[in-house]
Amino acid sequence: MQKPIATTRSASGIPTGRLAIWWLLASEIVIFGGLLACYLLFRLGHPEWADAAAVTNTAIGATNTFVLLTSSFTAVLAHQAAERGDGKKAARFLVFTIIGACLFLGIKSYEWWYEISHGYTITSNGFWSFYYTAAGLHAAHVIAGAIAMGFVAKDAAQGKELQRVELVGIYWHFVDVVWIFLFPLLYIAK
Amino acid sequence: MFERLAIQASSFAGDIDGLILLIAVLVGFWFIVAEGMFFWLIWRFRERPDQKSQYITGKEKHLKRWVTIPHALVLVCDVFIIIGAVRVWYDVKQHLPEPDTVIRVEGQQWAWVFQHPGPDNELDTGDDIWTTDDLYVEVDRTYHFRLSSRDVLHNFSVPAFRLKQDAVPGRTITGWFHATSTGTYDIQCAEICGIGHGVMAGRINIQDAETHASWMSENATTTAAQ
Amino acid sequence: MAQATTAPVQDTHGHDTHGHHDQGWFKKYFWSTDHKMIAKQYLWTSIFMAVVGGLMAYVFRMQLAFPGIEVPGFGLVSPGEYNALITNHGSIMIFWVAMPMLIAAWGNFLIPLMIGADDMVFPRINRLSFQIFLISAILILASLFVQGGGFGGAWTSYPPLSANPEYNLTGLGASIWLIAVALEFVAFLLGGINFIVTLMNSRAPGMKAYDIPVTVWMIVIASILFMLSVGPLIAGAIMLLFDQTLNTGFYDPARGGDPILWQHLFWFFGHPEVYVVLLPAIGFVIDIIATFARKKLFGYKIMVYTAVATAVLSFFVWAHHQFIAGIDPRMANVFTVTTLLISVPIAELLFVIIATLYGGSIKFTTPMLWALSFVATFLIGGVTGIFLGASGSDIYLHDTYFVLAHFHYTFFPIAIIGGFAAFTYWFPKMFGTMLDETLGKIHFWGTVIPFQFIFIPLFALGLGGQHRRIYNFQNFPELASMQPLRVTATLALIVMILFQLVFFWNLFRSLRSKEKAPMNPWKANTLEWTTPSPPPHGNWPPDQMPKVYRGPYEYSVPDRDTDYWPQNEPS
């Protein structure tokens with residue numbers, strides 16, 4: 001489909017796609033912000049949740065943090081390549097990012113399998129309810145981001161729509177930032 | 001039906017009604033001014049062959065005054081209303097006077113359960129009186145009610161008292177009232193609580209001291225908790 | 001003086017630019033990415049939902065007026081069905097009528113046209129938004145027919161009632177209701193991004209910020225307000241859904257949860273939401289008044305600033321819905337102050353609108369009648385809100401019919417009066433024919449007069465202590481005597497519903513009429529009137545996209561021979 005003339009205009013000086021991604025992030029920030037604010041209020045009101053919080057595996061959490069940060073780095077490299085017009089390289093780095101996402105999800109699956117098989121389910125208590133809900137919502141965004149990245153990589157490899165590499169990267173950094181909040185809240189604060 | 005507003009059966013009903021009246025006067029004034037101006041303008045400036053429309057930018061000081069002055073006056077009226085509201089709110093909800101008697105009120109799907117302290121005027125003793133849907137209180141006595149719910153949200157509302165408070169499961173919320181006239185009045189549940197929300201009608205029976213005392217002695221034989 | 005507009009051209013894009021030359025039925029109607037077609041999809045869907053919501057009102061008002069008697073066309077109304085009817089009436093009217101009609105339908109139709117663009121910036125996401133919305137509409141209707149019946153916990157869906165199927169007895173309906181609402185939110189988030197970015201970037205050359213029509217400002221401010229307020233509720237809805245389906249205890253006090261948390265999350269969105277729907281309606285009213293009073297707006301910038309101020313303040317008032325909910329009583333004082341203060345910018349906005357009438361030359365066309373009655377009616381809604389925002393009086397009035405009458409005196413002007421104002425004003429542009437003025441006026445009076453007779457009795461009932469969401473007031477001795485008021489309200493509603501047939505007849509006749517509407521029947525200034533009625537795909541030929549030379553409200557400029565001056569006409 002040919003883009004409308006509307007999409008090519010830029011009265012604000014900022015490219016249309018970038019504006020859209022930032023507004024999307026604004027809405028996501030309020031969603032995650034709301035959820036995390038609820039968690040904080042609950043946690044402060046329930047000191048006894050510390051027992052449950054003690055169970056979460058900080059080492060695994062830290063590993064996943066490292067994985068996500070690395071994947072954000074490869075997303076930056078992808079953007080750099082796209083800026084230089086090198087679609088093939090950009091696609092390759094995006095694929096690395098997707099691999100990072102899959103690694104993250106794999107590690108999380110193991111982590112959850114371990115916890116659930118030891119009796120820590122979403123209904124175990126309030127802490128675990130938030131733990132699975134918040135991390136689950138985040139994981140859903142990781143999956144969505146990885147899928148979007150797949151489509152962008154496919155186009156980029158053919159030299160098409162290179163501006164989307166930056167956009168999907170911005171989204172990916174956001175997913176990373178959410179995790180940067182989750183990690184201390186769910187793993188470090190014991 | 002406006003005689004309902006005349007049924008003020010509690011000590012603070014008059015204060016709440018007074019606030020409503022204050023708001024009605026202030027707000028009513030502005031309402032009449034605004035609507036009046038509105039209708040006058042659409043009549044005065046209706047399309048007529050001899051009248052052309054004017055080019056008004058809104059910067060004209062003599063015209064802007066017509067907006068900025070009312071705007072400021074509205075703010076002043078708001079301040080009066082705020083003061084009135086905070087006063088009434090403090091008296092009814094924040095500052096609880098010392099109680100003569102404490103009762104318990106529990107909402108459930110779909111009834112009200114009342115625990116009266118009985119002749120010894122102490123809750124949770126052997127002579128407590130439990131009733132369902134009918135509350136018995138003495139006139140000219142200050143009561144605290146400890147309100148909670150067994151299941152979902154309910155709301156203990158006595159329109160004749162102008163009293164209303166949500167009943168929240170897991171919490172006990174304390175309120176107060178002081179009945180000023182005898183009679184029997186409606187208790188409504190004021191928070192939707194399921195299909196029986198409309199049949200949770202209760203009755204508050206305000207009795208004079210003698211009647212209330214004899215009611216208590218007649219019913220105080222109930223010993224088992226509910 | 002000739003306008004420098006385009007000559008009506010059938011196919012403005014040539015054969016290969018957009019590949020839409022030969023659109024099959026499917027692509028043109030069902031799979032379209034054209035903002036005008038998507039607008040119509042939203043419009044028809046929301047009109048259909050309005051009929052559903054209105055008929056629900058008919059049923060429950062019949063039960064209230066004639067309790068225990070079979071309602072013609074429905075049968076006996078059980079307490080459970082009553083709760084489902086009022087719950088879904090409210091939900092449908094707000095989420096599937098007011099929002100899609102005012103924001104999605106008119107926003108989609110008008111924004112590109114009014115800013116001189118050929119479409120939204122993301123046409124395919126636009127199409128996706130409607131599809132998600134349509135699924136949400138189907139879901140909410142389906143929820144009425146599942147086992148257990150439609151959700152009956154009120155549109156506010158407070159837990160524990162809404163969280164536990166054993167309490168509400170409509171477990172499946174409750175979850176489907178919640179998912180439908182969540183999907184509607186997603187549709188409007190996506191749509192909002194489209195609107196905001198389109199306004200920010202795709203304005204015609206020469207259109208500066210203060211050349212943007214107020215309608216567009218209002219819809220975009222509303223979209224931003226929606227986006228920033230709905231997030232916590234989406235989080236809360238996920239938690240509620242998990243309570244309902246996975247037996248978590250987010251809102252269960254027995255397991256450390258808090259039912260009042262939901263209330264905060266809901267109303268943190270719920271209060272801004274009323275301004276989300278108010279602002280677009282006021283935008284239409286403002287533009288229509290300017291056109292038919294032939295007047296520059298009294299304070300264009302004030303209107304935009306007060307709208308923004310109201311939107312910002314709306315984040316700080318939410319707990320006035322919870323004064324007696326069990327929140328800390330000291331907090332009530334804070335919220336009563338903020339709530340009463342928010343009346344100040346809105347009052348100013350209304351004063352400035354009324355001031356615009358001064359010095360005008362007012363034509364009482366059907367759209368103008370609707371726009372003017374918005375002002376007169378919304379004033380009542382606005383002032384009655386003060387009684388509820390003052391914490392002390394809210395003790396008595398909370399959950400009574402006074403609240404109901406207040407919010408119908410605001411929502412009805414917003415959704416119905418504002419909706420008809422927009423519809424009758426832009427109908428010629430959208431459909432290419434004119435609506436009949438006489439039928440329009442009959443419909444107008446037949447709507448606004450009965451409306452007063454429905455809701456003024458309800459103010460009285462509320463002052464008399466009658467509470468909401470109760471299916472039969474004969475159970476309450478003190479209230480039984482007020483039955484004549486209830487009957488009056490119901491009969492007035494039936495009269496109003498019958499007059500809507502006049503509207504549908506008018507619509508039907510006009511759609512089948514062969515008489516073409518002119519390009520600019522109202523002699524208005526904004527850009528949508530510079531393209532044929534209806535506009536072709538792409539709105540203007542690509543090489544003749546409009547340029548803007550002035551603001552939208554240069555009416556009755558002295559020393560000109562016409563009393564209007566279109567934005568795209570060179571000086």
Can you grab the distance from the C-alpha centre of region B:100-146 to the C-alpha centre of region C:471-531, Å, no decimals? 50 Å
Tell me the Kirkwood hydrodynamic radius of region B:101-225 in angstroms, computed as one over the mean inverse distance between distinct C-alpha pairs. 14.4 Å
Any idea what the relative contact order of region C:27-544 is, in percent, if you count C-alpha pairs under 8 Å spaced at least 6 apart? 16 percent
Descending Cα extents along the principal axes, the protein assembly as shown, whole Å: 96, 81, 55
In degrees from 0 to 90, rounded to the nearest 10, what is the angle of the helix C:483-512 Cα long axis to the longest principal axis of chain C? 30 degrees
When all Cα-Cα pair distances of region C:229-289 are considered, the percent exceeding 16 Å is 55 percent
Could you work out the percent of alpha carbon pairs in region C:40-136 separated by over 19 Å, rounded to a whole number? 52 percent
Using only Cα atoms, tell me the angle between helix C:437-463 and the longest principal axis of chain C; keep it within 0 to 90° and round to the nearest 10. 30 degrees
Hydropathy at least 1.0 by Kyte-Doolittle, axial extent at least 20 angstrom from the Cα trace: which helices of chain B, defined as entire DSSP H runs, fit? B:13-44, B:61-89
Along the Cα→Cβ direction, 7 angstrom out, place labels at residue B:65 and residue C:76. What is the inter-label distance in nm? 6.9 nm
Using a 10 angstrom cutoff on alpha carbons, build the Gaussian network for chain A and name the most mobile of A:45, A:100, A:85. A:45
Given charges of +1 on the Cβ of Lys and Arg and -1 on the Cβ of Asp and Glu, with all other atoms neutral, how large is the dipole of region B:101-225 about its Cα centre, in debye to the nearest 20? 500 debye
Place +1 on the Cβ of every Lys and Arg and -1 on the Cβ of every Asp and Glu in region A:15-121, take the dipole about the Cα centre, and give the residue among A:67, A:21, A:80 whose Cα lies farthest towards its positive end. A:80
Under 25 Å Cα-Cα from residue B:61, which lysines qualify once same-chain neighbours fewer than 8 residues away are excluded? B:52, C:295, C:296, C:301
Any lysines whose Cα falls less than 17 Å from that of residue A:89, other than same-chain ones fewer than 8 residues away, would be A:154, A:160
Equivalent-ellipsoid semi-axes of region B:1-92, from the Cα gyration tensor, Å, largest first: 40, 18, 5
Within region A:46-109, DSSP-loop chymotrypsin sites (Phe, Trp or Tyr not before Pro) with at most 12 other C-beta atoms within 10 Å are none
When averaged across all projection directions, what area in nm² does the alpha-carbon convex hull of region A:13-188 cover? 10.2 nm²
Which of C:541, C:511, C:531, positive extreme of dipole for region C:490-571 (C-beta unit charges): C:511
Toward the positive end of the charge dipole of region B:2-94, about the Cα centre and with charges on Cβ (Lys, Arg +1; Asp, Glu -1), which of B:69, B:94, B:34 goes farthest? B:69
Excluding residue A:162 itself, what net charge comes from residues whose Cβ is under 15 Å from its Cβ, given Lys and Arg +1 and Asp and Glu -1? +4
For chain B, what is the relative contact order in percent, using Cα pairs closer than 8 Å and at least 6 residues apart in sequence? 22 percent
Taking the Cα centre of chain C as origin and charging only Cβ (+1 Lys, Arg; -1 Asp, Glu), how large is the dipole, in debye to the nearest 20? 760 debye
Per the helix-only calculation at 222 nm, which mean residue ellipticity applies to the protein assembly as shown, given -39500 (n - 2.57) for every DSSP H run of n ≥ 4 and division by its residues, nearest 500 deg cm²/dmol? -19500 deg cm²/dmol
Please tell me the relative contact order of chain A in percent, rounded to the nearest whole number, where contacts are Cα pairs under 8 Å and at least six residues apart. 31 percent
Does anything in region A:91-121 have its amide N under 19 Å from the 7 Å Cα→Cβ label point of residue A:155, and if so which residues? A:91-98
Which value does Rg/Rh take for region C:27-544 over its C-alpha atoms, Rh per Kirkwood? 0.95
Could you give me the percent of Cα pairs per 10 Å distance bin for region C:380-429, shortest bin first, beginning at zero and ending with the bin that holds the maximum distance? 26, 38, 20, 12, 4
Choice from B:99, B:49, B:169 showing the highest fluctuation, given a GNM over chain B with Cα pairs closer than 10 Å: B:49
Between helix C:171-201 and chain C, what is the angle of the helix's C-alpha long axis to the longest principal axis, kept within 0 to 90° and rounded to the nearest 10? 30 degrees
Find the centroid of the Cα atoms in region C:414-431 and in region C:100-171, then give the distance between the two in whole Å. 21 Å
Eligible lysines near residue C:27 by straight Cα distance, threshold 23 Å, same-chain separation 8 or greater: A:3, C:36, C:40, C:429
Debye calculation, C-alpha points only, no solvent: report log10 I(q)/I(0) for region A:1-107 at q = 0.15, 0.18 Å⁻¹, in the same order as the q values. -0.96, -1.13
Under unit Cβ charges (Lys, Arg +1; Asp, Glu -1), what dipole magnitude, rounded to 20 debye, does chain B have relative to its Cα centre? 2080 debye
Between B:41, B:21, B:73, find the one with the highest GNM mean-square fluctuation for chain B; connect C-alpha pairs within less than 10 Å. B:41
Rank the residues C:341, A:41 as a footprinting-exposure proxy: fewest other Cβ atoms within 10 Å of their Cβ go first. A:41, C:341
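Every number in this text was worked out from the coordinates using simple rules, so none of it is lab data. Keep in mind it's a predicted model, so treat the numbers as computed, not measured. A quick note on method: Cβ atoms are made from the backbone with ideal geometry, for glycine too, and the neighbour counts reach across all protein chains shown.
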